[in-house]
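Please read the structure below before turning to the comments.
The values are calculated or read from the model by the stated rules, or taken from the named source; none is laboratory data. Owing to the predicted nature of the structure, the values given are computational and were not obtained by experimental measurement. Cβ: placed from backbone, ideal geometry, glycine included. Neighbour counts: every protein chain shown. Areas reflect the complete protein model, heavy atoms only, side chains present, ligands, DNA and RNA absent. Shrake-Rupley method; radii C 1.70, N 1.55, O 1.52, S 1.80 Å.
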Amino acid sequence: MDQGNTYARPPFNNPAADIVVRSRDGVNFRVRSAIVAEASPIFSDMFEIPQPAFDGSPESPDHLDGKPVVEVEEDHRTLDHLLRLCYPTADPELSALGDVRAVLAAALKYEMEEAVVLMKKALLGFVSQQPLSVWASACILRLGDETRVAANALIDHEDQLPREPPPELQDISSAEYFRLIKFLRARGNVGEQFSFYEPGSQDTLTKRSRSDSHHKPSSIEYRHDRPFVDILCRSSDGREFLTHKIILCTASPILKDRILNLPPPTAPALPVLQLDVLGAPFSSLLEICYPCDNSPEIGELPIAHAVEMARIAQTLKMHLLIKRLRYDAFSWHKVRKPMETYLLASNVGLTDIANDALGFIHSDPLQWGYVPEMEVTSATAYHRLIVNRLDTVAVAAKLTASATPRARGAQKAASDAS
């Protein structure tokens, strides 16, 4: 065996196998193609693709030990579990929900019917202990029946949602979580057409969103007519900005370090600073770096645009610009569109801006209705909002209970007895 290669554990290290399946992380599985092809029509098609002729070289990337190599996207752990479901060997015992989800995703991808059935059953085996995580996993995999089973297990238990969002919520949208809360409040009486992971007639814009949809805020574009430019900034989408080193260095210590480490340009060309940012929000951000008499109306920028500007400013440590955006742009948005502001800011880690908006979401979050921003933000943010409001209701209930005449009487009797 070539010491430079890593082979899977038995039975997938048998030299008698006729093909090698290589995982994403470089582990080689020697398999009998007839067994795997029988379990998966996708693998069957992959095995039938003509392979380059083996030239006898041990360094051939297409062959290993003279056997053709098929590369897949799964890591070796997932691939090992998946192949054991195909082979005449003991099925793997999966004790972690994450492993079940990964294997089920692969089984669905490769159309392995028996493996799909077994992994769906394994997924639902976690419902009693982790109903929210199972529901989110089923949403990720677009499993209609399983999402319903897990959601039904959550009815009457909304007040017992885990305080910390499970990791699966990061991979689904706030819109899906919003529809889950609607499902729970309706006790599952939502009709056969209801879907957690597809927008439907049940998702309607709030009056606030509809009235704002006709508002066309002004945009801020960087002015390219400034003299004495000495550096060119290029965004990730190819937009170019002729600007000044002193402005960039004053605004951001990150840009200052980048500029100081640029190689000297070939005269008469300007030095080029390549930035991993989109051009539109950076254009606005760059413009407000410049002092001018006619200050741009950043409070009228679209909320998503303002959030992306703030995210870039935070990444580049433009602290003064973050403060300006927070108090000029978001002082309007957090009042008029607190839900949208909270979701978008939370989604990119703008905690201060998100918390400012959170203070304006006073009532039950479900009453704010559906907003389009839910489709592009992680369910983690909406989960934290729901938990926050549940905590608020619980505290208010305790305060109300302690203020009743009976409670006050009991407190006085206890005080007198002491």
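Just a few scattered comments:
- When 186, 150, 115 are checked against the criterion of being among the small types (Gly, Ala, Ser), open to solvent by 20 Å² or more (accessible area, probe 1.4 Å) and more than 16 Å from the chain's Cα centre (by Cα), 186 stands alone in meeting it.
- Flag for residue 127 being farther than 26 Å from residue 22 by Cα, surrounded by 18 or more Cβ atoms within 10 Å (Cβ to Cβ) and out of contact with any Leu (no Cβ under 8 Å at 6 or more places or on another chain): yes
- Options 88, 52, 41, 58: the member that is more than 17 Å from residue 17 (Cβ to Cβ), of a type outside the set (S, T, N, Q), at pLDDT 85 or above and exposed (fewer than 15 other Cβ atoms within 10 Å of the Cβ): 41
- Helices (runs of 4 or more DSSP H) wholly inside segment 258-373 containing at least 3 residues that are out of contact with any helix residue (DSSP H, G or I) (no Cβ under 8 Å at 6 or more places or on another chain): 279-287
- Against the conditions (1) touching a strand residue (DSSP E or B) at 6+ places or on another chain (Cβ under 6 Å); (2) open to solvent by 50 Å² or more (accessible area, probe 1.4 Å); (3) β-branched (Val, Ile, Thr), residue 266 satisfies every one except (1).
- For the condition among the charged types (D, E, K, R), on the phi > 0 side of the Ramachandran plot and open to solvent by 20 Å² or more (accessible area, probe 1.4 Å), residue 317 qualifies.
- All positions within segment 308-329 that are modelled with pLDDT of 90 or more and either small (Gly, Ala, Ser) or more than 18 Å from residue 252 (Cα to Cα) (or both): 310, 313
- For segment 106-128, a residue qualifies if it is of a type in the set (Ser, Thr, Tyr) and under 17 Å from residue 77 (Cα atoms), and exactly one does: 110.
- Inspection of segment 361-373 finds a residue satisfying the criterion of being acidic (Asp, Glu) and either touching a strand residue (DSSP E or B) at 6+ places or on another chain (Cβ under 6 Å) or modelled with pLDDT of 90 or more (or both).
- Hey, residue 68 part of a loop (DSSP other than H, G, I, E, B), out of contact with any helix residue (DSSP H, G or I) (no Cβ under 6 Å at 6 or more places or on another chain) and of a type outside the set (S, T, N, Q) or not: no
- Cβ-Cβ contacts under 6 Å between residues 6 or more apart (or on different chains), taken from a first residue in segment 255-280 that is without any contact (Cβ under 8 Å) to a residue 24 or more places away in the chain to a second residue that is in a helix (DSSP H, G or I) and surrounded by 10 or more Cβ atoms within 10 Å (Cβ to Cβ), are listed as 256/249.
- Matching residues in segment 281-303 - criterion: being open to solvent by 60 Å² or more (accessible area, probe 1.4 Å) and in contact (Cβ under 8 Å) with a residue 24 or more places away in the chain: 297, 300
- A single entry from 318, 309 fulfils the requirement of being of a type in the set (A, V, I, L, M) and closer than 21 Å to residue 374 by Cα: 309.
- Checking each residue in segment 242-263 for being of a type in the set (A, V, I, L, M, F, W, C), more than 15 Å from residue 318 (Cβ to Cβ) and in contact with a strand residue (DSSP E or B) (Cβ under 9 Å, 6 or more places away or on another chain) picks out 242, 262.
- Contact annotation: residue pairs with Cβ atoms under 9 Å, 6 or more positions apart or on different chains, pairing a residue in segment 74-93 that is touching a residue at least 24 places away in the same chain (Cβ under 8 Å) and under 13 Å from residue 32 (Cβ atoms) with a partner that is small (Gly, Ala, Ser) and open to solvent by less than 20 Å² (accessible area, probe 1.4 Å), are 83/8; 86/40; 86/115.
- Taking the listed residues 22, 9, the one that is open to solvent by 10 Å² or more (accessible area, probe 1.4 Å), within 13 Å of residue 64 (Cβ to Cβ) and in contact (Cβ under 8 Å) with a residue 24 or more places away in the chain is 22, with no other qualifying.
Yes or no, residue by residue, for (1) touching a residue at least 24 places away in the same chain (Cβ under 8 Å); (2) among the charged types (D, E, K, R); (3) not in a loop (DSSP other than H, G, I, E, B):
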| residue | (1), (2), (3) |
| --- | --- |
| 101 | yes, yes, yes |
| 105 | yes, no, yes |
| 111 | yes, yes, no |
| 127 | yes, no, no |
| 135 | yes, no, yes |
| 170 | yes, no, yes |
| 188 | yes, no, no |
